[in-house]
Amino acid sequence: MFKKIISVVMAVMMLAGACVGFSSCTTDDETGKGMSESPLAAPELSKDFEVSEDFKIGFIFLHDENSTYDKNFIDAATRVKEALGLSDSQVIFKKNVPETNDCYVAAKDLASQGCDIVFANSFGHEQYMIQAAKEFPDVQFCHATGTRAHTEGLSNYHNAFASIYQGRYLAGIAAGMKLNEMIEKGEIKAEEAVMGYVGAFTYAEVISGFTSFYLGAKSVCPSVTMKVQYTGAWYDEALEREAANALMANGCVLISQHADSMGAPSACEVKGVPNVSYNGSTYDACPETFIVSSSINWAPYFMYIIKCFNTDTEIAADWCGGIEEGSVVLSGINQDAAAEGTIEAINDAVAKFKDGTLHVFDVSKDNYILKDGQKITSYMADVNTDADNTPDTEVIKDGYFDESGARSAPYFNILIDGIENVNTKF
């Protein structure tokens with residue numbers, strides 16, 4: 001117990017720990033099998049273009065390395081810097097920039113320092129990035145998770161995301177396999193296969209993520225249900241721990257999250273409840289309960305925009321990378337916590353994603369995606385994000401919900417059968 005408490009304290013202090021890479025983090029000693037190689041690792045970066053000596057890129061991050069979300073971006077930017085041989089003066093980081101006018105000030109400062117590209121990583125940065133883009137037409141402004149590039153019509157403003165719903169689905173398979181193991185061992189009954197999910201806000205990005213996670217679990221464990229509790233913050237360790245504890249007290253036997261601290265994983269480690277993380281492995285801090293983590297690998301996008309600028313190629317208004325681009329990755333799998341056969345099940349699903357036979361939001365399947373007991377045959381999504389959130393685009397195509405096909409940022413916002421919102425004020 002003392003060792004476990006120390007581990008959790010270290011998690012709080014160090015957050016994602018030293019095992020946040022996307023390839024392997026193996027430990028094979030007398031205590032167990034440890035981590036496997038990643039079944040979906042980030043590809044090696046290779047340089048196939050020349051970068052001008054006076055090129056500069058600036059990054060605006062909502063938080064710093066203490067946030068797993070921001071650390072994921074920072075690590076990707078650092079890998080790209082090293083792969084391209086860029087100097088410290090060519091890559092400028094601005095951390096802990098809130099979703100306020102401070103973002104505009106930071107973007108303006110980076111442009112004034114001679115940055116050719118300015119990138120910001122949080123949804124609430126968007127209006128300030130657009131403001132700066134209008135003021136500095138010769139600078140390219142790129143923004144993660146935003147929604148307005150395709151409607152603003154600015155040649156120097158761009159949005160980007162990734163098909164992380166694929167990674168969430170794969171992580172969900174690992175969760176469903178674990179639930180099956182618990183059922184087979186008599187630890188729970190089939191109807192007690194209830195997952196808990198700590199969400200930040202009731203945004204489409206969060207809903208898309210937890211729905212794909214749920215559908216991955218359901219693909220292997222048909223009896224699974226899920227409860228979602230929101231915190232109203234992207235990064236609040238106390239609220240995330242509180243939400244995880246509340247979900248476990250409410251009968252949830254496995255926890256996942258779309259929030260950025262170690263609050264939920266550390267709560268699971270204390271209670272011995274299996275956990276599926278996000279944005280990096282928490283194995284070092286939570287060796288008994290961590291199963292797997294899905295992440296967006298931002299390095300391919302950073303390489304893409306830098307190559308576009310240095311080869312005089314237009315940057316897409318909306319860019320969305322998936323498994324093929326190396327933008328969706330998984331950590332290694334904790335073989336001491338995961339169910340037997342998990343790696344094989346994930347590998348099988350990855351192959352189906354690659355050959356186009358698997359779609360996460362497949363509305364054609366019987367009893368798979370239902371709303372009020374009915375199949376979803378048509379859905380108008382709010383893709384153009386007007387002030388009234390007016391649905392404007394039909395997104396059911398060829399038997400599946402075409403997530404991120406009409407713009408890069410997610411717009412799946414349907415609460416389907418099998419998922420319950422515990423609270424909805426956020």
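Descriptive notes on the structure:
- Scope the range 49-88; condition free of Cβ contacts under 8 Å to residues at least 60 places away in the same chain and acidic (Asp, Glu); matching residues: 53, 64, 65, 75, 82, 88
- Checking residue 337 against (1) in contact with a helix residue (DSSP H, G or I) (Cβ under 8 Å, 6 or more places away or on another chain); (2) under 30 Å from residue 140 (Cα atoms); (3) crowded, with 18+ Cβ neighbours inside 10 Å, the condition it does not meet: (2)
- Pick from the range 344-360, criterion out of contact with any Asp or Glu (no Cβ under 9 Å at 6 or more places or on another chain), outside any loop (DSSP other than H, G, I, E, B) and among the hydrophobic types (A, V, I, L, M, F, W, C), ranking: farthest from residue 304 (Cα to Cα): 345
- The set of residues from the range 278-294 being under 24 Å from residue 80 (Cβ atoms) and modelled with pLDDT under 95 comprises 278, 279, 280, 281.
A quick yes/no check of all residues on (1) acidic (Asp, Glu); (2) at pLDDT 95 or above; (3) within 17 Å of residue 265 (Cβ to Cβ):
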| residue | (1), (2), (3) |
| --- | --- |
| 1 | no, no, no |
| 10 | no, no, yes |
| 15 | no, no, yes |
| 24 | no, no, no |
| 29 | yes, no, no |
| 45 | no, yes, no |
| 50 | yes, yes, no |
| 64 | yes, yes, no |
| 88 | yes, yes, no |
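- Test set (1) in contact with a Gly (Cβ under 8 Å, 6 or more places away or on another chain); (2) in a loop (DSSP other than H, G, I, E, B) - residue 329 fails condition number: (2)
- Residue in the range 396-418 that is outside the structural domain of residue 152 (by TED's automatic domain parsing), at pLDDT below 95 and basic (Lys, Arg) present: no
- The range 361-402: number of residues that are exposed (fewer than 10 other Cβ atoms within 10 Å of the Cβ) and part of a strand (DSSP E or B): 1
- Only one of the numbered conditions (1) farther than 20 Å from residue 75 by Cα; (2) touching a residue at least 60 places away in the same chain (Cβ under 8 Å); (3) part of a helix (DSSP H, G or I); (4) not hydrophobic (A, V, I, L, M, F, W, C) is not met by residue 340, and that is (3).
- Scanning the range 353-398 for residues that are within 25 Å of residue 150 (Cα to Cα), in contact with a strand residue (DSSP E or B) (Cβ under 9 Å, 6 or more places away or on another chain) and among the small types (Gly, Ala, Ser) returns 378, 381.
- Pair list, Cβ under 8 Å, 6 or more apart: the range 137-158 residue over 18 Å from residue 320 (Cβ atoms) and without any contact (Cβ under 8 Å) to a residue 60 or more places away in the chain, other residue assigned to a loop (DSSP other than H, G, I, E, B) and among the β-branched types (Val, Ile, Thr): 156/139
- Only residues that are more than 18 Å from the chain's Cα centre (by Cα) and more than 17 Å from residue 146 (Cα to Cα) were counted across the range 297-340, and they come to 18.
- Some residue of the range 277-289 being over 25 Å from residue 36 (Cα atoms) and not in a loop (DSSP other than H, G, I, E, B): no
- Any hit, the range 301-322, residues being in contact (Cβ under 8 Å) with a residue 24 or more places away in the chain, of a type in the set (S, T, N, Q) and either assigned to a helix (DSSP H, G or I) or not assigned by TED's automatic domain parsing to the domain that holds residue 215 (or both): yes
- Residues that are out of contact with any Lys or Arg (no Cβ under 7 Å at 6 or more places or on another chain) and under 22 Å from residue 372 (Cα atoms), drawn from the range 399-417: 399, 400, 401, 402, 403, 411, 412, 413, 415
- When we screen 251, 199 for residues that are touching a residue at least 60 places away in the same chain (Cβ under 8 Å) and not basic (Lys, Arg), the only hit is 199.
The values are calculated or read from the model by the stated rules, or taken from the named source; none is laboratory data. Since we're looking at a predicted model, the values are computed, not measured. Neighbour counts run over all protein chains shown; Cβ positions are idealised from the backbone, glycine included.
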